[in-house]
Amino acid sequence: MDSDAGPVLSREAYAAIARFRLELRRFLAFSEAAAGKVGLPAQQHQALLAIAGHDGPPTVGFVAEQLLIAPQTAAELVARMVDKGFLTKAAEARDRRRMALTLTPKAMAVLQQLTTAHLAELQTLEPALATALATALDRVHGRPDAGCP
């Protein structure tokens, strides 16, 4: 029976969701530690990833959207990254008020190192993550054994 807050979930559904969140947290803990080892806060690592993967000239507004932070917070983050030599800023040709961001060679080297380590860690965690996600979805949708190995 559904309540106003949604369907009533079983203990198994809660356990499956908790397990999936645990597996996600393991990856995030690895990610934070790996970034820290190269002197990069996790938020700056995420910004580098977003900028490197963006099709087009990324801006401070784009960084704010991708990191789910306020534009002023993104501007401060970008300023710190410029100061550390990870980014350059230049006014866009079409709109001189907008600042396009570019990764420096230093940023690309750090990002390559971190991404290689992250891909290796994802390969290690993939079975547990995939199973935890499938099980959580199965439990929420009332399929008790479909996601279990």
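Quick note: the coordinates plus some simple rules give every number you see, no bench work behind them. Worth saying up front: this structure is predicted, and the values here are computed from it rather than measured. Positions of Cβ are backbone-derived with ideal geometry, glycine not excepted, and every protein chain shown enters the neighbour counts.
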Listing Thr73, Thr135, Thr124 from the residue with the fewest other Cβ atoms within 10 Å to the one with the most, what is the order? Thr124, Thr73, Thr135
R0 = 25 Å: FRET efficiency of Ala29 with Leu68, Cβ-based, nearest 0.05? 0.80
How many percent of the alpha carbon pairs in segment 23-122 exceed a separation of 15 Å? 61 percent
For the chain, with only Lys/Arg (+1) and Asp/Glu (-1) charged at the beta-carbon, what is the dipole magnitude about the Cα centre, in debye rounded to 20? 540 debye
Find, among the GluC sites (Glu not before Pro) in segment 53-149, those assigned to loop by DSSP (not H, G, I, E, B) with at most 16 other beta-carbon atoms within 10 angstrom. Glu92
Quick one: go through segment 14-40 and flag any residue whose amide nitrogen is under 14 Å from the point 7 Å out along the Cα-to-Cβ line of Ala5. 14
A correct Karplus calculation of ³J(HN,Hα) over segment 118-129, with 6.51 cos²θ - 1.76 cosθ + 1.60, θ = phi - 60°, whole Hz and x for Gly and Pro, returns 5, 5, 5, 5, 4, 4, 5, 7, 3, x, 5, 5
Eligible lysines near Lys37 by straight Cα distance, threshold 22 Å, same-chain separation 8 or greater: Lys84, Lys106
